[in-house]
Structures are given as structure tokens and as C-alpha cells.
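Trainee: So that we are looking at the same thing, I have put the structure below in C-alpha cells.
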Amino acid sequence: MKLTEIVEGIQTADSNYIVLTTEPENINSHDKVLVKHKICGYEYPVSFNKFLMGRRCPKCSGKIKGTTENFKKAVYNLVGNEYTVLGEYVNRETPIKMLHESGEIIEAKPYLFLKGMNRSKNDKSIIE
Ligand SMILES: [Zn+2]
């Protein structure tokens, strides 16, 4: 793909990051580019794929641990009150109990839930 597409894609995915890499013009989505986290100023290499999958500033992600509170916020931002988090967040891989507004209780892996809800609000097939 074109580097400009990656620059745009990263901006769209998270406006707190800018791409510093300016070449080559054509690049694979799994090739690393240098991005800068505007909030803290830290620069690190990451591939477009990994960035879209949620890889963020290593300096900040070390400090901001995944917590139930953060996960609740992320869920709320995505689906509003459609889902209520019932369980305690352990990590992105550990299924967490969530209540759907229909009364149905599901268990979803946090990262899959967030990823899936980004793609389509009604696609429940990603919930394991
Ligand atoms: Zn940072």
C-alpha cells in the first residue's frame, strides 16, 4: 500500500499519533514505520497492522494498565449502554462477563469485543 494511506490510516485510527516516516512511497502494512505519540512525545517503530490491532505507545502503555474502569469506558464509547460490564478485567485475553441490554449475559475476550464492535455493532460472531 502507499505510505500516504498508512499515514492517513493511523491518523484516523488515533489522532494522538503522527507518522514520521516519509519513505519509501510504497510500503507493506506489516512493515514498521516510525510514529510519534503526540501526548508524551515518544517515538517508536510499529507496523500499520499492529497499530490497528491496538499497539500503542510503549512508554504510556506501561503506565496505563488495562483496568476494569478503562475497559468499561472503552465499551461505553463503542456501544453506549448496549452492553454493561459485569466482570473484572484481568487482561485482554481473559473472557469477561457482560450484560447485553436484552438481558443476555455473554462472556467476551476484551480485545475481540473491542475489535469486533469497531467493525460492526451487530456482529456478535467474534464473541467467543
Ligand atoms: Zn506515549
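The values are calculated or read from the model by the stated rules, or taken from the named source; none is laboratory data. These figures come from a predicted structure and were not determined experimentally. Quick reminder, even Gly has a Cβ in these numbers, built from the backbone with ideal geometry, and neighbours come from all protein chains shown.
Trainee: State whether one or more residues within region 64-83 are closer than 21 Å to Thr12 by Cβ, surrounded by 12 or more Cβ atoms within 10 Å (Cβ to Cβ) and within 14 Å of the ligand (Cβ to nearest atom).
Mentor: no
Trainee: Sticking with this structure for a sec: Counting just the residues of region 26-61 that are of a type in the set (D, E, K, R) and in a loop (DSSP other than H, G, I, E, B), which one comes out farthest from the ligand (Cβ to nearest atom)?
Mentor: Within region 26-61, the match that is farthest from the ligand (Cβ to nearest atom) is Asp31.
Trainee: I've got another one for you. Confirm whether Lys97 is at pLDDT below 90 and not polar (S, T, N, Q). Walk me through it before giving the result.
Mentor: On the way: at pLDDT below 90: no; not polar (S, T, N, Q): yes.
No.
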